[in-house]
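Structure, as structure tokens:
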Amino acid sequence: MPVTIERRQLIAALGGMAAAWPLAARAQQPAMPTIGFLDPRLPGTMEDFLRAFRLGLKDTGYVEGENVTIIYRFAEGQFDRLPELAAELVRRQVTIIAASAFASAFAAKTATATTPIVFTIAEDPVRRGLVTSLARPAGNLTGVNFLASELSAKRLEILRELVPAAARVAVLVNPANTASTETILRDLEPAARAMGLQIQVLSAGTSGEINAAFATFVREQPDAFFINLDPFFTSRRVQLSTLAARHAVPMASGNRLITEAGGLMSYGTNVADAYRQMGIYAGRILKGAKPAELPVFQATKFELVINAETARMLGITVPDRLLAVADEVIE
């Protein structure tokens, strides 16, 4: 049967409508949510923490590249870059800002009062002015406090038990991270006085300044070395451990990664688990929860990690009591 002009026109019209259906369906689908991840460190130092963050997202049903996009912004150790990086994420209209470290969270809070912000920090977020209450954060921020800075006195106590003859302790802080530096010195100095220890504060914000700090050990000869919990120091853990071994000085910190790299001991929360919890909170916010409705999550488990191999190299006998209570002893 011959095809008439009218029938050809009808077939063409139906074909055009069918071709447009997929486009229309795609246009009606909601845009993929976007997380802006803001961090003060170098990107290559964050693999373990980012893996934990993505695992937390996955626990709530979100997988990067499938149903959520993550934009990463790293300040590469330059804390003064954080405000502009935060402002850029706001301009890009990300769905959530995930801010690791207090400086990132503060920059994000300054940049926006509406975009949800989920943080993971070592300081008390109420005392630092990020939220008004742990139970009822209010505003557009909530997150995880892993209480690292508040444990400084306990770390010093454990270090003294490992090195009972210590009289002088060098403390390394990052001058760019003023919030963390203020917290550790406020807690550490009275604890040191109570133990009869002399504290020498050293500052380093670059790899070269770390080398310079250790160069003073030849003259000052401290009995032990205490590292403030700081994102930059975590990223330089191999350099720190190498120099501590070269100068044969016991090194304590709040991050197990530094102990795994060769430090003597660490006491604190599992930081990777804090990032996983931050990922869970980010996923809950993507599902519709408001930051003000999510209480700030506070770490409740603390772990003592001792590097027995480093202790042997330094000629230190780890007390049986510490071996018994340690969560992990690295042989």
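Every number here is computed from the coordinates shown, using simple stated rules; none is lab data. Only a predicted model underlies this, so the values are computations on that prediction, with no experimental measurement involved. With ideal geometry, Cβ positions are generated from the backbone for all residues, glycine too; neighbour counts draw on all protein chains shown.
The table that follows gives values for the structure above.
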{"item": "Degrees separating the helix 178-195 axis from the principal Cα axis of the chain, which is the longest one", "result": "30"}
{"item": "Full-extension gain in nm, I71 to A308, via 0.36 nm per residue minus C-alpha separation", "result": "81.3 nm"}
{"item": "Distant-in-sequence amide H partners of F226 (H built 1.01 Å from N, under 5 Å)", "result": "A170, V171, L172, A252"}
{"item": "Helix axis angle, 47-59 relative to the chain longest principal axis, alpha carbon, degrees", "result": "50"}
{"item": "Footprinting exposure proxy for E47, E293 (fewest neighbouring C-beta atoms within 10 Å first)", "result": "E47, E293"}
{"item": "Over the range 184-331, volume per residue of the alpha carbon convex hull, in Å³", "result": "148"}
{"item": "Formal net charge of residues neighbouring G283 (Cβ-Cβ distance under 9 Å; K, R +1; D, E -1)", "result": "+2"}
{"item": "Per-residue HN-Hα couplings for the range 313-318 [Karplus 6.51, -1.76, 1.60; θ = phi - 60°; Hz; x = Gly/Pro]", "result": "4, 8, x, 9, 8, 6"}
{"item": "Helical mean residue ellipticity (222 nm; -39500 (n - 2.57) per DSSP H run of 4+; nearest 500) of the chain", "result": "-13500 deg cm²/dmol"}
{"item": "Normalised convex hull volume, the range 107-169, alpha-carbon set, Å³ per residue", "result": "97"}
{"item": "Lysine pair number, Cα distance threshold 25 Å (strictly under), the chain, separation 8 or more or different chains", "result": "6"}
{"item": "Relative pair counts by distance (%), Cα atoms of the range 199-261, 10 Å bins", "result": "21, 63, 16"}
{"item": "J(HN,Hα) series, the range 238-245, from Karplus relation 6.51 cos²θ - 1.76 cosθ + 1.60, nearest Hz, glycine and proline x", "result": "5, 4, 4, 5, 5, 5, 4, 5"}
{"item": "Dipole magnitude of the range 109-175 about its Cα centre (Cβ charges: Lys, Arg +1; Asp, Glu -1), debye to nearest 20", "result": "100"}
{"item": "Positive dipole terminus of the range 50-139, leading residue within P116, P137, A99 (C-beta point charges)", "result": "P137"}
{"item": "Distance from the range 27-104 to the range 192-224 (C-alpha centre basis), Å", "result": "35"}
{"item": "The chain - charge dipole about Cα centre, Lys and Arg +1 at Cβ, Asp and Glu -1, debye rounded to 20", "result": "900"}
{"item": "5 angstrom amide H check on Q198, placed H, neighbours 5+ away", "result": "R168, V169"}
{"item": "Of every Cα-Cα pair in the range 75-136, the percent that sits beyond 14 Å", "result": "53"}
{"item": "Positive dipole terminus of the range 178-285, leading residue within Q198, A272, I210 (C-beta point charges)", "result": "A272"}
{"item": "Sorted by Cβ density within 10 Å, fewest first, the residues I71, I330", "result": "I71, I330"}
{"item": "For F49, F225, order by how many other beta-carbon atoms lie within 10 Å, fewest first", "result": "F49, F225"}
{"item": "Counting DSSP beta bridges with both ends in the chain, the antiparallel % (nearest 5)", "result": "10"}
